[in-house]
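The values are calculated or read from the model by the stated rules, or taken from the named source; none is laboratory data. None of these values were measured; they are calculated from a predicted model. Using ideal geometry, Cβ is built from the backbone for each residue, glycine included, and neighbour counts are taken over all protein chains shown. SASA here: full protein model, heavy atoms, side chains in, ligands and nucleic acids out. Shrake-Rupley method; radii C 1.70, N 1.55, O 1.52, S 1.80 Å.
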Amino acid sequence: MKKKVCPLFVFLLSVFVNAAYGGTMTVVSSENQYGGHSVEFDSSINCEGKNTYPFGIGLFSPNAQFPAADDNVSGLRINLISGECVDMVGLDIGVFANVVSDGMFGLQLSGLYGFAGGNSMAVQMSGIGNRCSGDLT
């Protein structure tokens, strides 16, 4: 009996593997001749002039959070009320609102509202609504 790989599992795994290397990604997943999936990565984020941190935590943005709202997070970000960053790669969890002013790559979970300001490859889930100003893949 052949086991199939769940595409969502492949996507989430690729997000966390890529977050460890600090970049955004393009993931191409296709079924191969053996019935499994093959995955290709293309990490290419330009973080010049920006600080990138592997972890972020915040009470509310922009005053009570680490890192600052004009920095990047590549890994895990947890927000108790709201949080904001420029680019987010990985898992973004917030009780009320998550704001990413540029690209969001990964999984964004919000109690009320999730926002991504640029082109994103993400799964956005929230209680009321989500918005992506760029292209959402």
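Values computed for the structure shown
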{"quantity": "Dipole magnitude of the stretch 55-137 about its Cα centre (Cβ charges: Lys, Arg +1; Asp, Glu -1), debye to nearest 20", "calculated": "240 debye"}
{"quantity": "Largest-first principal axis extents, alpha carbons of the stretch 58-104, Å", "calculated": "20, 18, 14"}
{"quantity": "Listed residues M121, M104 arranged by accessible area, highest first, probe 1.4 Å", "calculated": "M121, M104"}
{"quantity": "By average C-beta atoms within 10 angstrom, highest first, the peptides 110-118, 56-64, 94-102", "calculated": "94-102, 110-118, 56-64"}
{"quantity": "Alpha carbon centroid spacing (whole Å) that separates the stretch 98-118 from the stretch 50-83", "calculated": "12 Å"}
{"quantity": "Burial order of peptide ranges 77-83, 131-137 (average beta-carbon count within 10 Å, highest first)", "calculated": "77-83, 131-137"}
{"quantity": "Where the stretch 75-133 is the region considered: accessible area per residue in Å², 1.4 Å probe", "calculated": "36 Å²"}
{"quantity": "L59-I78 pseudo-label distance in nm [points 7 Å out on the Cα-to-Cβ vector]", "calculated": "1.6 nm"}
